[in-house]
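Notes to accompany the following structure.
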Amino acid sequence: MQIFVRSSQETFSVTLQEGATLKDLKNEIEDVEFIPSDLLRVVKGSMTLTDGCLEGALVDADTVEVLMDVNGGMRAKW
C-alpha cells in the first residue's frame, strides 16, 4: 500500500505492507524526516489516526499530514 505523506517541507511517499499499523507508518516517516516517532501526529482530513491497524482508516494512494505532537500554551503564574 502506498501512502503519500505531507510534512511542513515536502510531500513524499511511503510503501507499507498489508496489515501495517500506525507505529509502522510513524517509523517509516521517522526514517525520512528524522523526527522521533513518539513526537509525530498523523492526520487524515480532520481525523487524527490512533494506534491500531491502518486497513480501515487508509486505502492505497491516500494522503496524510504529519504534525508535531507537542504541548503548548502559557506557563502558570506563580
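Values quoted throughout were computed directly from the atomic coordinates according to the rules given, and no laboratory measurement underlies them. Keep in mind that what you see is a predicted model, and the values were worked out from it rather than measured. Please note: Cβ atoms are built from the backbone with ideal geometry, for glycine as well, and neighbour counts cover all protein chains shown.
Here the stretch 39-53 is the region considered, the condition is being of a type outside the set (D, E, K, R) and in contact with a helix residue (DSSP H, G or I) (Cβ under 6 Å, 6 or more places away or on another chain), and the residue that is surrounded by the most Cβ atoms within 10 Å (Cβ to Cβ) is Leu40. Of all residues in the stretch 7-42, those being over 20 Å from Cys53 (Cα atoms) and either β-branched (Val, Ile, Thr) or assigned to a strand (DSSP E or B) (or both) number 4.
Which residues, counting only those in the stretch 15-38, are under 17 Å from Gln2 (Cβ atoms) and surrounded by fewer than 14 Cβ atoms within 10 Å (Cβ to Cβ)?
If we filter the stretch 15-38 for residues that are under 17 Å from Gln2 (Cβ atoms), which is where we start, we get 15-22, 24-29, 31-32.
Hits for the stretch 15-38 are Thr15, Gln17, Glu18, Gly19, Asp31.
Filtering the stretch 1-36 to residues that are under 13 Å from Val66 (Cβ atoms) and either touching a Gly at 6+ places or on another chain (Cβ under 9 Å) or of a type in the set (A, V, I, L, M) (or both) leaves Ile3, Val5, Val14, Leu22, Leu25, Ile29, Val32, Ile35.
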